[in-house]
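Asks: Mind looking over this structure? Questions follow.
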Amino acid sequence: MAAAAVPPRGIRRLCRVLLFLSQFYILSGGESTDIPPYVMKCPSNGLCSRLPADCIECRTNYSCVYGKPVTFDCTVKPSVTCVDQDFKSQKNFAINMTCRFCWQLPESDYECTNNTSCMTVSCPRQRYHANCTVRDHIHCLGNRTFPKMLYCNWTGGYKWSTALALSITLGGFGADRFYLGQWREGLGKLFSFGGLGIWTLIDVLLIGVGYVGPADGSLYI
């Protein structure tokens, strides 16, 4: 009796292609459930009242009195699990906070972008446009990311004590100006012997009061 017929090569190739496409579909997430990005910030089975603001949705009331304590009803977002004080699972809860917008928070409650291209040592003191984001566990009204004008406040690693010590001891040779990155003034003091001592005394006073700073515009540390 003849053996069972072997499928043609064309059918074999078609089966392989279909198998490859099905595996590719699964690996690409076709059959997997998408996990929202905010879930990474949400601790599993933690207290609902201590969840980060990105993990919950609250019915806020913008007519509250500024600076007064308020209570808002909140609901956890999908894929987020949390418990109450008795370790029972819950979805709806209330949080207590102070009535104020996010941009009215103290500086310790948000983080802002830094700018190292503005001059911190200038008169008047320069400001720059920064984008600030509220910390995860701080609750407030309005947008959690907001623009703000901040004073230039960055350092390049120059120490005020070192600059002052160099100005007192080796200021006649321009060591203080060289240390601060002011090469032209340093060469001028070097070849004029500190302006015959006058320039040296002036620099001691200017560095002592912080009027002369690093050439890159940063603050002393």
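Asks: Which ranges mark the strands (runs of 3 or more DSSP E) fully within the range 106-221 that have 3 or more residues being loosely packed, with under 15 Cβ neighbours inside 10 Å?
Replies: Working: elements: 110-112, 127-134, 145-151.
Strands (runs of 3 or more DSSP E) meeting the threshold: 127-134, 145-151.
Asks: Just one of 80, 70 is assigned to a loop (DSSP other than H, G, I, E, B), within 30 Å of residue 47 (Cβ to Cβ), open to solvent by less than 40 Å² (accessible area, probe 1.4 Å) and not aromatic (Phe, Trp, Tyr); which is it?
Replies: Going through 80, 70 in turn, the sole match is 80.
Asks: If you take the residues in the range 183-198 that are touching a helix residue (DSSP H, G or I) at 6+ places or on another chain (Cβ under 9 Å) and aromatic (Phe, Trp, Tyr), which one is modelled with the highest pLDDT?
Replies: 183
Asks: Just one of the numbered conditions (1) within 30 Å of residue 112 (Cα to Cα); (2) in contact (Cβ under 8 Å) with a residue 24 or more places away in the chain is not true of residue 172; which one?
Replies: (1)
Asks: Moving on to the next point. Inside the range 83-105, can you point out the residues that are within 16 Å of residue 47 (Cβ to Cβ) and either in a strand (DSSP E or B) or open to solvent by less than 60 Å² (accessible area, probe 1.4 Å) (or both)?
Replies: 83, 84, 89, 90, 92, 93, 94, 95, 96, 97 - these are the residues of the range 83-105 that are within 16 Å of residue 47 (Cβ to Cβ) and either in a strand (DSSP E or B) or open to solvent by less than 60 Å² (accessible area, probe 1.4 Å) (or both).
To keep it simple, each residue is scored yes or no on (1) within 37 Å of the chain's Cα centre (by Cα); (2) at pLDDT 90 or above; (3) over 30 Å from residue 50 (Cβ atoms); (4) among the polar types (S, T, N, Q).
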{"site": "178", "(1), (2), (3), (4)": "yes, yes, yes, no"}
{"site": "181", "(1), (2), (3), (4)": "yes, no, yes, no"}
{"site": "200", "(1), (2), (3), (4)": "no, yes, yes, yes"}
{"site": "204", "(1), (2), (3), (4)": "no, yes, yes, no"}
{"site": "216", "(1), (2), (3), (4)": "yes, no, yes, no"}
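Asks: When residues of the range 59-75 are filtered for being under 17 Å from residue 144 (Cβ atoms) and at pLDDT below 90, how many remain?
Replies: Final tally of qualifying residues: 3.
The values are calculated or read from the model by the stated rules, or taken from the named source; none is laboratory data. This one's a predicted model, so the numbers in the text were calculated from it and none came from an experiment. Note that we place each Cβ from the backbone using ideal geometry, even for glycine, and neighbour counts take in every protein chain shown. SASA here: full protein model, heavy atoms, side chains in, ligands and nucleic acids out. Shrake-Rupley method; radii C 1.70, N 1.55, O 1.52, S 1.80 Å.
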